[in-house]
Every structure is written in C-alpha cells, then in structure tokens.
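See below for the structure under consideration.
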Amino acid sequence: MDLVLIRLLFVLVLAAVCYFLRPFGIQAGWLSAVAGAAAAGLVIVFEVRVRALTLRRLIGAVAGSVLGIIGAALFCLVLRSAPFSISTSAVLQIFVLLLMTYVGLLVGASKGDLLNPEALGAIFTGDRPARRSSKVLDTSVIIDGRIADIAEAGFIDGTLVVPEFVLRELQVVADSTDGSKRQRGRRGLDMLQRMESNDRLQVQIVPDDFPSIREVDLKLLELAKKLEAKVVTNDFNLNKVAHLHHVEVLNINDLANALKPVVLPGERMTVVILKEGKEFNQGVGYLDDGTMVVVDHARKMIGKPVDISVTSVLQTASGKMIFGKMDDNGKAAETA
C-alpha cells in the first residue's frame, strides 16, 4: 500500500510541475499535466519491470548498455569526420547511440543468467543461500501430509514455497464430485493450514505462474529453477523428470525407506498373518511401517500373530520385502 501511495504521489507531483512550467513550449496547461502524468506512468512501468529482474539479469543489462554506449561513442567519432551535413550527422549519431544502447541492454539482460556468481565475488552471497534453502512443494506431497510432520520435527529448513497454481489444483480436487478425491483435496488444504499456523515454519504462497506451460509438474520445475530451490515430492514420475531438468529433488518416499529399521537374516519378530501369499502355503503380514512380510507355511495362520525368523530381505524400487519362516513348528505367538 505504501508503494502505491508513493507512485501516485510521484505522478501527481510530475503532472503539477509540468502544468506550471509547461515544457517543450506546450501552451495548454492541461495538456502539459497529461504529458507529465504519462511520463510518470512510463517511469513506473519501467520500475516495475526492473524490479522483476533477477540481480544477474540486471547486472547483465547494465553492463550491456554501458558497452553499447562506449561502442556508439566510437562510431560517432567516425561519423563526425564523414562528409555529411550537420543535421544528417546529428541524426545518425543519435540513431547509432540509441541502437547500440538498445542492443546492448537486450543482449546483456538475456545473457545475464550466464554470469558466474563465484567469479563476480561476494556480491551474490547475501542472495544465494536464502534462495537455495527454499523448498517448492508439489500437490502430491501436500496431500500426503508427512511433510508437515517432517518440517515440524526440524528436518526441513528454509522457506516452504507453495505456488498459487498448486493451490488452484488443490481446490479443484477438494471441489471434485468424487468422494475420495474430495477427501484428499481437503486433507491437502488442512495440511497447508496446519503448516502456516506453525510459527516455527516459513510457508510462502508465491503468485509466480508460467502461462505458456500447461502441465503443473513442468511449472513446478520452472519455478524451482527460477528460485534455485529444491522440489519436495513423493511422485515417482516427477522425480525422474526433475533429474532430467537438473533440478534437485527431495523425495519423501526415499526418506521413508531410509528410515525403515534394518532387518537382518536370522532376526526374530512377531507378525500378524493377514492374507494368503502368491506362492503355495504362504502367508502375508505387514509391519507397523507398512513393510510386507512373506512367511512360508503360514497360510493356515491367517488372522493370528506368529513368531518368525527372517530368512532374507529384498529391497526393491517400491520398498522393502521381508521373507521369513515360522518358529516352533508353526505355533502361534503368545499374546498378552
């Protein structure tokens, strides 16, 4: 709001100055005021565009325009000695100056992202760490909800960035006519509200969008590149695409697999047999963390807890599987 008032005051002051001084020989006071207000509007548009530039692009634009002015000055030295009339020489000099400055500005701004911050010194040191510590959340990890527990436990630092296009996708899911989708969408919104209400977490809603890109996943990757941030997800496909785009990813499923307790062959445990296995006479149960346990000769023990001895552990891309056999000749485990 303060910035809007300052801009409005700038327009009014410049319009008033032009109204009373009437520059360029303009006789009508109202026309001078309109010209001043229009000039102030152009300055504000230029200021808004400059504010949107990254520091590297801004430095590139300044460097390019300075080099363009220097090149134009050298050209003008040649034009002054050319056999042209005074008016023609003046027009050519102004044209060369504008052309070289314009080209240098555009080329410098477009190539600014190629600047090496380390080579430029410590000018970027205040900006880069804050941006690199940002984490961009995708829709699936918000609905999953485990990110809230991880962040509240202090294992996620920096700012948790939620783009508005992800919020819109959550709202669409929450308003779905399908009951399961509606429940998932509302869960995601509840998780966001929970994280925002935690004073120890920094959650930022950003309006950045990329209208030319339709897919939400690709928009996330472009935003991560722009902010030099990491993407937090549990989407296997987004994980693969992000690596192709050279964007760092924090996969919640990878973290969950890394935190599963280590099980070694020969270790004893108790598991409840819940269903039949794929092979003959097998029974299947699950640990508290969801790890599947396949037990030989346990088909008849469905619905009962049994003591088993681990025979092998298989680690797959989708998770861990434990294979075991019953102890004590197939007797059920004692329950309290």
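Coordinate-derived values only; no laboratory data. As the structure is a computational prediction, the values presented were derived from the model and not from experiment. FYI the Cβ positions are ideal-geometry reconstructions off the backbone, even for glycines, and counts take in every protein chain you see.
Expressed as an acute angle from 0 to 90° and rounded to the nearest 10, what is the orientation of the C-alpha long axis of helix 29-52 relative to the principal long axis of the chain?
40
Multiplying the sequence separation of L167 and V91 by 0.36 nm and subtracting their Cα-Cα distance, what value in nm do you get?
Going from the current span to full extension adds 21.9 nm.
With the Cα gyration tensor of the range 251-318 in hand, convert its eigenvalues to equivalent ellipsoid semi-axes via √(5λ) and list them largest first in whole Å.
They are 22, 13, 11 Å, listed from largest to smallest.
So if I take the centroid of the Cα atoms in the range 190-257 and the same for the range 84-102, what is the distance between those two points in Å?
When both Cα centres are located, 50 Å separates them.
If you line up the long axis of helix 179-196 against the longest principal axis of the chain, both from Cα atoms, how many degrees apart are they, to the nearest 10?
Once rounded, one gets 60 degrees.
Can you tell which of T159, T101, T233 shows the greatest fluctuation in a Gaussian network model of the chain with Cα springs below 10 Å?
Result for the chain, Cα springs under 10 Å: T101 fluctuates most.
Compute the length gained on full extension between T311 and D199: take 0.36 nm times their separation in residues and subtract their Cα-Cα distance, giving the result in nm to one decimal.
35.6 nm
Might you report the magnitude of the Cβ-based charge dipole of the chain about its Cα centre, with Lys and Arg at +1 and Asp and Glu at -1, to the nearest 20 debye?
With Lys and Arg at +1 and Asp and Glu at -1, about 880 debye.
Helix 216-227 versus the longest principal axis of the chain: what is the Cα-based angle in degrees, 0 to 90, to the nearest 10?
Orientation of helix 216-227: about 60 degrees from the principal axis.
Return the single residue from D157, D289, D190 with maximal mean-square fluctuation; model: Gaussian network over the chain, springs between Cα atoms under 10 Å.
Most flexible of the set in this elastic network: D289.
When the helix-only estimate is applied to the chain (DSSP H runs of n ≥ 4, each -39,500 (n - 2.57), divided by the residue count), what is the mean residue ellipticity at 222 nm, nearest 500 deg cm²/dmol?
Counting only the DSSP helices, I get -16500 deg cm²/dmol.
Please find, in a Gaussian network model of the chain (springs between Cα atoms separated by less than 10 Å), the residue of L14, L250, L98 whose mean-square fluctuation is greatest.
L14
What dipole magnitude, in Debye to the nearest 20, does the range 189-239 give about its Cα centre under +1 on Lys/Arg Cβ and -1 on Asp/Glu Cβ?
Roughly 120 debye for the range 189-239.
Can you figure out the FRET efficiency of D178 with I213, using R₀ = 25 Å and their beta-carbon distance, to the nearest 0.05?
0.45
For the range 2-117, what percent of Cα pairs sit more than 22 Å apart?
The share of Cα pairs beyond 22 Å in the range 2-117 comes to 58 percent.
Ranked from highest to lowest mean number of other Cβ atoms within 10 Å per residue, what is the order of the peptides 219-232, 298-311, 36-49?
Going from most to least packed, we get 219-232, 298-311, 36-49.
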